[in-house]
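No lab work stands behind these numbers, since they all come straight from the coordinates. Model, not experiment: these values are computed from the prediction. No Cβ is skipped: glycine too gets one built from the backbone with ideal geometry, and neighbour counts run over all protein chains shown.
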Amino acid sequence: MPAAQPSALETGNVLTVIVALAANLGVALAKLVAAVITRSGAMAAEAFHALADCGNEVLLLVAQSRSERPADEEHPLGHGREAYFWALIASLAVFVTGALLSLREGIHELVSGAEATSFPVAYAVLFVSLVLESLSLARAYRQLRREARDLSREFLEHFDLSSDPIARAIFAEDAAAVAGNVIAALGIVLRQTTGSSVPDGVAAILIGLILAYVAVQLARRNGDFLIGRGASTAIHERVRRVMAAQPGVKAVADLVITFLGPRQLWVIARIEIEDDLSGRGVKVLLRDLERALTDDSRFITRIDLVPFYEPK
């Protein structure tokens, strides 16, 4: 039984992505210019990092838009899981590309040891970038924290269990961006004070490794939901309690709850019903069960119930 789906505007996903994209477009351009001026490997790695973030955010907007399309004949369960597909593409294609380019830049810096100049330009760009990306990170954190509070979860628990690939990706990329700015600044400071290109090259490699780690973790999580990740134990127990509390239900024999998309739960259950229920009574019971479940959670978007009598 399909139910009304939560609006993307209610979750704040679109605005969160747009804020991050606007910040990263300016940051990427500034870092590219600074990388050319300073000849710093760490700054070049950060430029690739910012460009990877921009590409990721464009794909996340595509994911948001396409996953909201309604069900049709070819996709009777809707298009919700398409969000995980595009988020998976973003994590593999965009982040991995940024990671490889950053690693290449770091290795090149270690081998060539080209002279770097104009350090104040690098510091100014990294400072502005740190401020902008910290603001974007704070917004993504507030969104996830608000959702965690609504679901009575700790923040890290919700970050791991959340079915929303977009909020997770934005928070992860912003956290990596903040760390990347700090690492790049440290590498450039050490280069300026020691005169060696090694800290600069090591910083670029560390930035690449951070991007690679984020890519692997996001890809693993999105692949998990794309395959058909089940809901948490807490959700199972809550749904089971709601169904078992309905008059006429003797037991919930089998219960499967999976995600059709971000915040879209599909409940499938076999329920043992009272032996004396008439055909009309069974219809009323199923209707009441569906209403009770959707009243209890706005995230349940489809319910399939199979009633049966236990043979005596």
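Would you mind telling me the antiparallel percentage of the DSSP bridges in the range 153-309, rounded to 5?
Numbers: 11 of 19 bridges.
Expressed as a percentage, antiparallel bridges in the range 153-309 total about 60.
Could I have the simple spin-label model distance between residue 292 and residue 227, label points 7 Å from Cα toward Cβ, reported in nm to one decimal?
Simple spin-label model gives 3.4 nm for this pair.
Compare the peptides 204-215, 125-136 by average per-residue count of other Cβ atoms within 10 angstrom and give them in order, highest first.
On the way: 204-215: 23.1, 125-136: 19.6.
Going from most to least packed, we get 204-215, 125-136.
Show me 179-185, 45-51, 105-111 ranked by packing, highest mean number of other Cβ atoms within 10 Å first.
On the way: 179-185: 22.9, 45-51: 28.9, 105-111: 19.4.
Going from most to least packed, we get 45-51, 179-185, 105-111.
Work out the length of the dipole vector of the range 8-227 about its Cα centre, built from +1 on the beta-carbon of each Lys and Arg and -1 on the beta-carbon of each Asp and Glu, and round it to the nearest 20 debye. Let's see the in-between values first.
Numbers: 16 positive and 23 negative charges, 87 e Å.
Its charge dipole is roughly 420 debye.
Please work out the Cα center distance from the range 233-312 to the range 65-109, rounded to the nearest Å.
Spelled out, the Cα-based centre of one part sits 34 Å from the other.
Hey, how much of the P(r) for the range 10-117 falls beyond 19 Å, as a percent of Cα pairs? Before the final figure, lay out each step's value.
Details: 3155 of 5778 pairs.
The share of Cα pairs beyond 19 Å in the range 10-117 comes to 55 percent.
Take the alpha-carbon positions of the range 233-308, form their convex hull, and give its projected area averaged over all directions (one quarter of the hull surface) in nm².
On the way: hull surface 18.1 nm².
Average projection, Cα convex hull of the range 233-308: 4.5 nm².
Relative contact order for the range 39-176: what percent, with Cα pairs under 8 Å and sequence separation of 6 or more?
Working: 111 pairs, mean separation 38.9, N = 138.
Reported relative contact order: 28 percent.
When the convex hull of the Cα atoms of the range 101-258 is projected onto a plane and the area is averaged over all directions, what value comes out in nm²? Numbers along the way, then the final one.
Numbers: hull surface 47.4 nm².
Projected over every direction and averaged, the Cα hull of the range 101-258 covers 11.9 nm².
Place a +1 charge on the Cβ of each Lys and Arg in the range 195-256 and a -1 charge on the Cβ of each Asp and Glu, then give the dipole magnitude about the Cα centre in debye, rounded to the nearest 20. Before the final figure, lay out each step's value.
Working: 7 positive and 4 negative charges, 87 e Å.
Here the range 195-256 has a charge dipole of around 420 debye.
Please compute the contact order of the chain in relative form: average sequence separation of alpha-carbon pairs under 8 Å and at least six residues apart, divided by the residue count, as a percent. Could you put the intermediate results ahead of the total?
Details: 516 pairs, mean separation 72.0, N = 312.
Relative contact order for the chain comes out at 23 percent.
Any idea how far apart residue 22 and residue 61 come out in nm if each label point goes 7 Å out from Cα toward Cβ?
1.2 nm
The chain: D in µm²/s via Stokes-Einstein (Kirkwood Rh, Cα pairs, 4 °C, 1.567 mPa s)?
Working: Rh = 21.5 Å.
Calculated translational D: 60 µm²/s.
Quick check on the range 251-292: what does the Kirkwood estimate of hydrodynamic radius come out to from the alpha carbon pairs, in Å?
Details: mean 1/r = 0.0847 Å⁻¹.
Taking every pair of different Cα atoms in the range 251-292, averaging 1/r and inverting gives 11.8 Å.
Give me the percent of DSSP beta bridges within the chain that run antiparallel, rounded to the nearest 5. Numbers along the way, then the final one.
Values: 11 of 19 bridges.
Roughly 60 percent of the DSSP beta bridges within the chain come out antiparallel.
Have a look at 301, 286, 243 and report the one farthest towards the positive end of the charge dipole of the range 233-308, computed about the Cα centre with Cβ charges (Lys/Arg +1, Asp/Glu -1).
Farthest along the dipole direction, towards plus: 301.
About the Cα centre, and with charges only on the beta carbon of Lys, Arg (+1) and Asp, Glu (-1), how big is the dipole of the range 233-308? Nearest 20 debye, please.
Dipole about the Cα centre, nearest 20: 300 debye.
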